[in-house]
Amino acid sequence: MKIKSKKLIKGILIAEVTLSMTRCAYGFEDTLYKMFEQTDIAQHIYLGKDWKNVDVTKIIEQSLECSDNIRKIFEEIAQDEVGRLTLRAFYQGQKIFGKKLRVIEDRAYINKNGDAQTNTFAHEDFAIYLDLTQLNDVTTVGYCNGGIFEKRETAINILFHEFVHAVHYVMDDMKDLDEELLGHLYDDNPDRYYWTGGSVQDDENFPPDDEEIYTIDGLFLRDGQIQFNPICSVLFEANQQIKSGVKIKDISIRVLHCLFKDKPEDYISFDVLDRIESEVKTNLRKIFIDSSH
């Protein structure tokens, strides 16, 4: 009896350490769909009983207008469980919206203020504008266990991030987001502007809203409670890290939307970032650990 107990304890420890190797792919994907369906996000669109079985290859062929190079990246996204969920959710909204999503390469989007923007989703054009030729210059802000750092971006992560914006738009969720979560987290702290325009000044051209923190980290506020949507950049990237053997506690998440600056400890409220990281990793543990059984 004692020998069996020791074996059981050892098995539990091994399961924790090798979570990425032992989790059941079906269980993980099933957990994602259940979590998505339980949020009120999914209620904007009638999904239908067979929406989880739509062929993602056909979605890429029929719902997107892009080059062969971009199509290959979407095919790589479709190999990921979070990517497949995102493509299928997009399809449900896009077929009602009635227009293909275009991905326009190496050309900037000119916004209403006359500013040129690349690597952006423009809902007015229902298009993603990408400039992957300058990929080495694209950096965002990473965060892990209280440390902030410059995060180099990849083509697949950039495209997926902008694609999530498109998902929000066709599911009618991006249109009614305001500053509920940022106000809840930051109150009057001007750091909330780093999630939109990147300025601490009150700029009417870049009013803070929840769309970026929602797209990046999947967090939104409903009835005073922070909730999590699995269609988000952080889960897509976390899944990559888990598969490479990174433990949940050591997963790096993206925070903010501004360019990285020297000595961020001089201007960033780390207590709020700690809370955001805690909220994200609580959901990651729920998803990855629950789905491993």
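Note on segment 216-293: Kirkwood hydrodynamic radius from all Cα pairs is 13.7 Å, rounded to one decimal. Computed about its Cα centre, the charge dipole of the chain is approximately 2180 debye, with only Lys, Arg, Asp and Glu carrying charge at their Cβ.
In segment 27-95, the ratio of gyration radius to Kirkwood radius, Rg to Rh, stands at 0.97 when only Cα atoms are counted.
What's log10 of I(q)/I(0) for segment 82-140 at q = 0.30 Å⁻¹, Debye sum over Cα points only, no solvent? Rounded to two decimals, the profile gives -1.15. When you filter the trypsin sites (Lys or Arg not before Pro) in segment 214-293 for DSSP loop state and at most 11 other Cβ atoms inside 10 Å of their Cβ, nothing is left. Volume of the convex hull of the chain (Cα atoms only), normalised per residue: 153 Å³. What does the C-alpha gyration tensor say about the overall shape of segment 134-181? Classify as rounded when a/c is under 1.5, otherwise prolate if a/b is larger than b/c, or oblate. Verdict is oblate for segment 134-181. Per the Debye calculation on segment 81-234 with a single equal scatterer at every Cα and no solvent contribution, log₁₀ I(q)/I(0) for q = 0.18 Å⁻¹ amounts to -1.32. Taken about its Cα centre, segment 206-293 carries a charge dipole of roughly 480 debye when the Cβ of each Lys and Arg holds +1 and the Cβ of each Asp and Glu holds -1. For a straight C-alpha distance cut-off of 18 angstrom, the aspartates and glutamates reachable from Lys52 (same-chain residues fewer than eight places away being disregarded) are Glu29, Asp30, Glu37, Asp40, Glu61, Glu75, Asp80, Glu81. Contact order, relative form, for segment 209-293: 27 percent (alpha carbon pairs under 8 Å, 6 or more residues apart, mean separation divided by residue count).
Tell me the relative contact order for the chain as a rounded percent, counting alpha carbon contacts under 8 Å between residues six or more apart.
With pairs under 8 Å counted, the relative contact order is 22 percent.
Heavy-atom surface analysis with a 1.4 Å probe gives segment 24-131 a carbon and sulfur content of 43 percent of its accessible area. Only aspartates and glutamates eight or more places from Lys261 in sequence, or on another chain, were considered; those with a Cα closer than 17 Å are Asp137, Glu150, Glu153, Asp191.
The values are calculated or read from the model by the stated rules, or taken from the named source; none is laboratory data. All values derive from a computational prediction rather than experimental measurement. FYI the Cβ positions are ideal-geometry reconstructions off the backbone, even for glycines, and counts take in every protein chain you see. The area values use the complete protein model at the heavy-atom level, side chains included, leaving out ligands, DNA and RNA. Shrake-Rupley method; radii C 1.70, N 1.55, O 1.52, S 1.80 Å.
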